[in-house]
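Data first, discussion second: the structure below is written as structure tokens.
The values are calculated or read from the model by the stated rules, or taken from the named source; none is laboratory data. Fair warning: this is a prediction, and the values are worked out from it, not measured in the lab. Quick reminder, even Gly has a Cβ in these numbers, built from the backbone with ideal geometry, and neighbours come from all protein chains shown. Just so you know, the surface numbers come from the protein's heavy atoms only, side chains and all, with ligands and any DNA or RNA stripped out. Shrake-Rupley method; radii C 1.70, N 1.55, O 1.52, S 1.80 Å.
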Amino acid sequence: MKILVTGGTGYIGSHTVVELLNKGHHVVIIDNLSNSQAFVVERIEEITGRKPEFHRFDLTDKAVTDAFFAAHHDLDGVIHFAAFKAVGESMTDPLMYYRNNLDSLINILQGMKDNGIKNLVFSSSCTVYGQPDKLPVKETSPVKEAWSPYGNTKQMSEQMIKFAVQAYGLKCIALRYFNPIGAHDSALIGELPLGEPNNLVPYITQTGIGIRKSLQVFGSDYNTPDGTAIRDYIHVVDLAKAHVVAVDRMISEVGKGDFEIFNLGTGNGYSVLEVIKSFEKVSGLKLNYRIVARRPGDIEKVWADTSYANKELKWKAEKSLDEMMRTAWNWEKALSEKK
Ligand code: UD1
């Protein structure tokens, strides 16, 4: 099958391209390299022995996107990752987030509609649930008022897709990710944060390697066993594999409707201190960290009910927290050797 992966040089995108190529699919990447690097394409080839087709342009450019789809009307499916994802940045420049994340989606849906390309996998987030009333979170849990423009673009995108699917006869699977971490076993691809990381795991590994002096643990007064916040961390390779399953599900028409939603997590919640302990165990280092005030906008705890995804997709996250931290650490070490 011929699959377009937008944002295919990014963190989750690159791991997904590897899994698609490993399954024998032909992959076309579009990325503007706004938060990723061109060498990732070579790394993907090094891992898989196969080279994805790569196009560098901005999907908010309608004319260029239209021309691309017209020239690629033989695509069997689209996996759409390309988007801005920094919560804090979206608070300070919301219009940049709405323009980028929504314009690009509109252009993609238009291109699909105009060229008879039916199948879309959309990269969504557990952020659409806010702080859920009940844990674990099911796909049927209510979508709460967004806490950030970033989260709001994910909610609006899901809505837009739902109506586009109805009107134009498209199909979509929206995957709501919990917290993706870790890196490919080869240590050839992984997360490449621009500047100071916002997310926990790259901050931990950068502190471990000495790029950062100390990690701040945001809050120890949450209503959790050790007082620090709890998330459902999932290995990025497990997550990538779920995308291949989702594409196959649509193409082989075994889904339960034209717009489906799945939670992608492990179903286990770990606290910030548990993540730090796992890092210390796999790296043999003592991490320099201190406890500070809560980060504004953070929720206390969230983890997924994965039973629906496990049953319907016949997919299950397999990798342990230690494995997530071990691969994240190997990737950080490989990056520092490259410099
Ligand atoms: C964040 C976003 C979420 C987005 C996800 C992936 C918010 C509120 N949510 O999730 O919408 O989909 O990233 O990009 O920003 N922590 C520390 N010290 C740090 C960094 C994080 O203690 O230096 C803690 C946080 O307080 C949190 C946990 O680690 O409890 C995970 O944080 P992070 O990796 O930023 O992910 P989320 O906040 O869950």
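HN-Hα J couplings of segment 141-148 from phi, Karplus 6.51/-1.76/1.60, θ = phi - 60°, integer Hz, Gly and Pro as x?
Here the 3J(HN,Hα) series is 4, x, 7, 9, 3, 5, 8, 8 Hz.
Taking N as the number of residues in segment 10-51, what is its alpha-carbon radius of gyration divided by 2.2 N^0.38 Å?
That works out to 1.06 for segment 10-51.
Using alpha-carbon positions, what is the distance between the centroids of segment 113-160 and segment 183-221, in Å?
Taking the Cα centre of segment 183-221 as reference, the centre of segment 113-160 is 26 Å away.
Skip the ligands, DNA and RNA, and give the accessible area per residue of segment 1-151 with a 1.4 Å probe, whole Å².
43 Å²
Quick one: 3J(HN,Hα) in Hz for segment 268-282, Karplus 6.51/-1.76/1.60 with θ = phi - 60°, rounded, Gly and Pro as x.
Per-residue couplings from phi come out as 10, x, 10, 7, 4, 5, 5, 5, 4, 4, 5, 4, 4, 5, 6 Hz.
Could you look at the chain and say what percent of its accessible area is carbon and sulfur, using a 1.4 Å probe and all protein chains? Write out the running numbers ahead of the final one.
Values: 7480 of 14810 Å².
In the chain, the share of accessible area belonging to carbon and sulfur is 50 percent.
Using only Cα atoms, tell me the angle between helix 39-48 and the longest principal axis of the chain; keep it within 0 to 90° and round to the nearest 10.
For helix 39-48, the angle is close to 80 degrees.
Checking the a/c ratio against 1.5 first, then a/b against b/c, what shape does the Cα gyration tensor give for the chain?
It is prolate, given that a/c is not under 1.5 and a/b is the larger ratio.
Mind listing the phi-derived Karplus ³J(HN,Hα) values for segment 173-180, rounded to whole Hz, using 6.51, -1.76 and 1.60 with θ = phi - 60°, and x for any glycine or proline?
10, 9, 10, 9, 7, 8, 9, x
Taking the solvent-accessible surface of protein heavy atoms with a 1.4 Å probe, what is the per residue accessible area of segment 244-339 in Å²?
On the way: 4980 Å² over 96 residues.
Value for segment 244-339: 52 Å² per residue.
Starting from the amide H of residue 125, placed 1.01 Å from N in the peptide plane, find each other amide H under 5 Å away whose residue is 5 or more places distant or on another chain.
Here the answer is 177, since their amide H atoms fall under 5 Å of that of residue 125.
What does the C-alpha gyration tensor say about the overall shape of segment 63-158? Classify as rounded when a/c is under 1.5, otherwise prolate if a/b is larger than b/c, or oblate.
oblate
How large is the direction-averaged shadow of the alpha-carbon convex hull of segment 179-227, in nm²?
Projected area, direction-averaged: 4.6 nm².
Estimate the FRET efficiency between residue 70 and residue 286 by the formula 1/(1 + (r/R0)^6), using the beta-carbon distance for r and 56 Å for R0, to the nearest 0.05.
Efficiency computed from Cβ-Cβ geometry: 0.45.
Give me the accessible area of residue 68, 1.4 Å probe, in Å² rounded to the nearest 10.
About 10 Å², rounded to the nearest 10.
Under a 5 Å amide H to amide H cut-off, with H placed in plane at 1.01 Å, what residues pair with residue 54 once short-range neighbours are removed?
Here 29 satisfy the definition.
Once you have the Kirkwood Rh of segment 102-231 from its Cα pairs, apply Stokes-Einstein at 4 °C and 1.567 mPa s and quote D in µm²/s.
This corresponds to a translational diffusion coefficient of 73 µm²/s.
For residue 186 and residue 251, what does the FRET efficiency come to when R0 = 35 Å and r is the distance between their Cβ atoms, rounded to the nearest 0.05? If you can, show how the numbers build up before the last one.
Values: r = 28 Å, r/R0 = 0.80.
In this case the efficiency is close to 0.80.
Can you work out the base-10 log of I(q)/I(0) for segment 210-287 at q = 0.16, 0.17, 0.20, 0.25 1/Å, using the Debye formula on its C-alpha atoms alone?
-0.78, -0.82, -0.96, -1.22
Can you sort 95, 59 by 1.4 Å-probe accessible area, starting with the largest?
Details: 95 120, 59 10 Å².
The ranking, largest first, comes out as 95, 59.
Please quote Rg/Rh for segment 1-129 to two decimal places, taking the Kirkwood radius as Rh and restricting both calculations to Cα atoms.
0.96
Which of 81, 9, 270 sits farthest toward the positive end of the charge dipole of the chain, with +1 on the Cβ of Lys and Arg and -1 on the Cβ of Asp and Glu?
Projecting each Cα onto the dipole axis, the largest value belongs to 270.
If you take the charge dipole of the chain about its Cα centre, with +1 on Lys and Arg Cβ and -1 on Asp and Glu Cβ, which of 60, 297, 245 is farthest toward its positive end?
Final value for the positive-end residue is 297.
Which angle from 0 to 90°, rounded to the nearest 10, does the C-alpha axis of helix 236-251 make with the longest principal axis of the chain?
So the inclination is approximately 20 degrees.
Starting from the Cα of residue 194, step 7 Å along the direction of its Cβ; do the same at residue 91; then give the gap between the two resulting points in nm.
For the pair residue 194/residue 91, the computed spacing is 2.0 nm.
In degrees between 0 and 90, to the nearest 10, how far off the longest principal axis of the chain does helix 62-71 point, with axes built from Cα atoms?
Between the helix axis and the principal axis of the chain, the angle is about 60 degrees.
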